[in-house]
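Shown next, in C-alpha cells, is the structure this report addresses.
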Amino acid sequence: MNKIGVIFDLDGVIVDTAKYHFLAWKDLADHLGFEFTETDNELLKGVSRVRSLEILLDIGNIELSEEKKQEFLISKNEHYLQYITKMGPEEILPGATQLLDTLDTLGIKYVLGSASKNAPLILKQVNLYERFAGIVDGNSVSKAKPDPEVFLKGAKKLNKEPEHCVVFEDAIAGVEAANTANMISIGIGDEKTLHEADFNFNNLTEIPDNFFTEVISEKI
C-alpha cells in the first residue's frame, strides 16, 4: 500500500468553508451595490482569491483600479477570517475523519492540496493539522487549478510519482488539474458536474472499505 499517496482538496472535501466564502464575498457585493447569490458563488469553487474577485466584479459589471482591488481582497479576507476563526472539529465533513483513520491504518500518507491561503489555519481550527504529512496551499503555488502545480508539488511532498497519487476534489478545476497531472481523480459531489473524474461519490461516507486495498491498488 505504500506505493499510494493521497492528496486532499480542503473546501468541500474535508470541511465546508464555501458558506463562509459566500458570506464574505456577499458582504463585498453588498458594499459595491449589487446582488451576489449562492449560485454565483459556485463559479468561485476551487478558484484563487484574485480570480474570484475578477469573477465577482464581472457579475456586478464593475471596473476597479488595481489599488482598489487589492484593498477589497484584503477586506474580504479579513471578513472571511472572522468566520473561520470560530470553526471547530464539528465542521469536519461526514466521513473525512474515518477516511483519514483508514489511510493511517493502511500506512498511506496524505497531504493537502488547496488553493486556500488559509488552509493551515483551517486545519488547526478543526484539529487536523498534525495529521497531514504536508500542505501545499495558495502561499506555495503561482498557478491556480486547473493548472496541476498544486498537485505535482503535493506528489513531491509525498515522495510519490504522480501516477501513484489519488486526489480527492469537489471542483471541476481540481478534477481537471488532477487528470492533467496524470493522477487518479476522485470527484466528491455531483456526478454530472464532476463527470471527468475517474471515480465519483456524493461524499466521503460512500467510499467502500476495500477502495484502496482492491480498487485503487489494481489501478496503480
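The values are calculated or read from the model by the stated rules, or taken from the named source; none is laboratory data. None of the values given here were measured: they were computed from a predicted structure. So basically every Cβ, Gly included, is an ideal-geometry build from the backbone, and we count neighbours across all protein chains shown. Ligands, DNA and RNA are excluded from the accessible area calculation, which covers all protein heavy atoms including side chains. Shrake-Rupley method; radii C 1.70, N 1.55, O 1.52, S 1.80 Å.
Looking only at the stretch 25-45, how many residues end up being open to solvent by less than 20 Å² (accessible area, probe 1.4 Å) and at pLDDT 95 or above?
Going through the stretch 25-45 one residue at a time, the tally reaches 4.
Filter the stretch 104-141 down to residues that are in a helix (DSSP H, G or I) and not aliphatic (A, V, I, L, M) and give me whichever is nearest to Gly174 (Cα to Cα).
By that ranking, first place goes to Pro120.
Is it the case that the stretch 99-107 has a residue that's open to solvent by less than 10 Å² (accessible area, probe 1.4 Å) and at pLDDT below 95?
No, because not a single residue in the stretch 99-107 is open to solvent by less than 10 Å² (accessible area, probe 1.4 Å) and at pLDDT below 95.
Name the pairs: first residue in the stretch 128-146 and surrounded by 15 or more Cβ atoms within 10 Å (Cβ to Cβ), second residue of a type in the set (Val, Ile, Thr) and assigned to a loop (DSSP other than H, G, I, E, B), Cβ to Cβ under 8 Å, at least 6 apart or on different chains?
From residues that are surrounded by 15 or more Cβ atoms within 10 Å (Cβ to Cβ), the pairs are Leu128/Ile14; Ala144/Val47; Lys145/Val47.
For Val13, state whether it is in a loop (DSSP other than H, G, I, E, B), touching a residue at least 40 places away in the same chain (Cβ under 8 Å) and crowded, with 16+ Cβ neighbours inside 10 Å.
Yes; evaluated as a whole, the condition is true for this residue.
Can you tell me which residues in the stretch 84-98 are outside any loop (DSSP other than H, G, I, E, B), open to solvent by less than 70 Å² (accessible area, probe 1.4 Å) and without any contact (Cβ under 8 Å) to a residue 40 or more places away in the chain?
Answer for the stretch 84-98, where residues must be outside any loop (DSSP other than H, G, I, E, B), open to solvent by less than 70 Å² (accessible area, probe 1.4 Å) and without any contact (Cβ under 8 Å) to a residue 40 or more places away in the chain: Pro89, Thr97.
Let's see how each residue does on (1) assigned to a helix (DSSP H, G or I); (2) within 22 Å of Pro208 (Cα to Cα); (3) of a type in the set (Phe, Trp, Tyr):
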site: Phe72; (1), (2), (3): yes, no, yes
site: Asn77; (1), (2), (3): yes, no, no
site: Leu100; (1), (2), (3): yes, yes, no
site: Lys153; (1), (2), (3): yes, no, no
site: Lys156; (1), (2), (3): yes, no, no
site: Ala177; (1), (2), (3): yes, no, no
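Only one of (1) crowded, with 24+ Cβ neighbours inside 10 Å; (2) under 18 Å from Pro94 (Cα atoms) is not met by Gly154, so which one is it?
That leaves (2) as the condition not met.
When you scan the stretch 48-83, how many residues do you find that are open to solvent by 20 Å² or more (accessible area, probe 1.4 Å), closer than 14 Å to Trp25 by Cα and among the hydroxyl-bearing types (Ser, Thr, Tyr)?
Here the count works out to 3.
Give the residue that is modelled with the highest pLDDT, with candidates limited to residues of the stretch 191-220 that are among the β-branched types (Val, Ile, Thr) and open to solvent by 40 Å² or more (accessible area, probe 1.4 Å).
Thr205
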